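This report refers to the structure that appears directly beneath it.
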Amino acid sequence: MKKQLIILVLILFAFSFSTCQQDDPLVLPNLPKQVNYLALGDSYTIGQSVCTTCRFPEQLKTSIEATYPNNPFLLQVIAKTGWTTTNLISEINLLNPSTNFDLVTLLIGVNNQYQNRPFSVYETEFPLLVNKAIALAKGDKGNLIVVSIPDYAYTPFGQGAVNISTGIDQYNAFAQNYCSENGITFVNITDITRMGLSQPELVANDGLHPSELAYTKFVERILPKAISTLVD
């Protein structure tokens, strides 16, 4: 209960920092001198069709920096539009990033579905990616957050295609079950993207990817988990 109260205070502080000033400064739990954050994924991680600071990793970084203004914050992104799990594994192996990340997010799989890759590929490669991500996160699975795959059926591009949603559900169910069985944090943001046709402001100008507003809503869900990870 005490930890939950601390996290709640931190979240409220993160969203009010820029507009509220307090006479008595809030004393926050200590963080590493420099917070290192690695974002792994595809177009949803690099923020295709939105500005660099609009994508969810940058918004998450900004929110955490607002909570901990005295901590240097380093964000590294390994992601590219069109990447499947196979592509992401290859790039991680090629870059051989450091293993000192305090926080890692992983959002991958939509291109496996879109490119009609056998689902068995995801069943094999998603666990491999999770294990690679944990290794990069100081070998601590508590430093990893897996984010669900958005549903592009609810965009002008997808036009409400039921088969797209069915496929996305299959991928997300596997990822969520794997995370649950292995004690890994999983954050569901898919329902946010399923409001894209009724709330077009959630879709970027390309008619396919999430907008800055959609990514803001992603961060509202990811932020409490990220802060919890960093203060553990």
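Some points to look at:
- 5 angstrom amide H check on Val203, placed H, neighbours 5+ away: Ser211
- Share of carbon and sulfur in the accessible area of the chain stands at 51%, probe radius 1.4 Å.
- In terms of its C-alpha gyration tensor, segment 121-232 comes out oblate, because a/c is 1.5 or above while a/b does not outweigh b/c.
- Options (i) 17.6; (ii) 19.1; (iii) 18.1 - which one matches Kirkwood radius over Cα pairs in Å as calculated here: (iii)
- Model label zone, Asn188; criterion: amide N under 13 Å from point 7 Å along Cα-to-beta-carbon; scope segment 100-132: none
- Its Cα centre serving as origin, segment 33-137 has a Cβ charge dipole (Lys and Arg +1, Asp and Glu -1) of approximately 100 debye.
The values are calculated or read from the model by the stated rules, or taken from the named source; none is laboratory data. Keep in mind that this is a model prediction, so the values were computed, not measured. Note that each Cβ is placed from the backbone with ideal geometry, even for glycine, and that neighbours are counted across all protein chains shown. The area values use the complete protein model at the heavy-atom level, side chains included, leaving out ligands, DNA and RNA. Shrake-Rupley method; radii C 1.70, N 1.55, O 1.52, S 1.80 Å.
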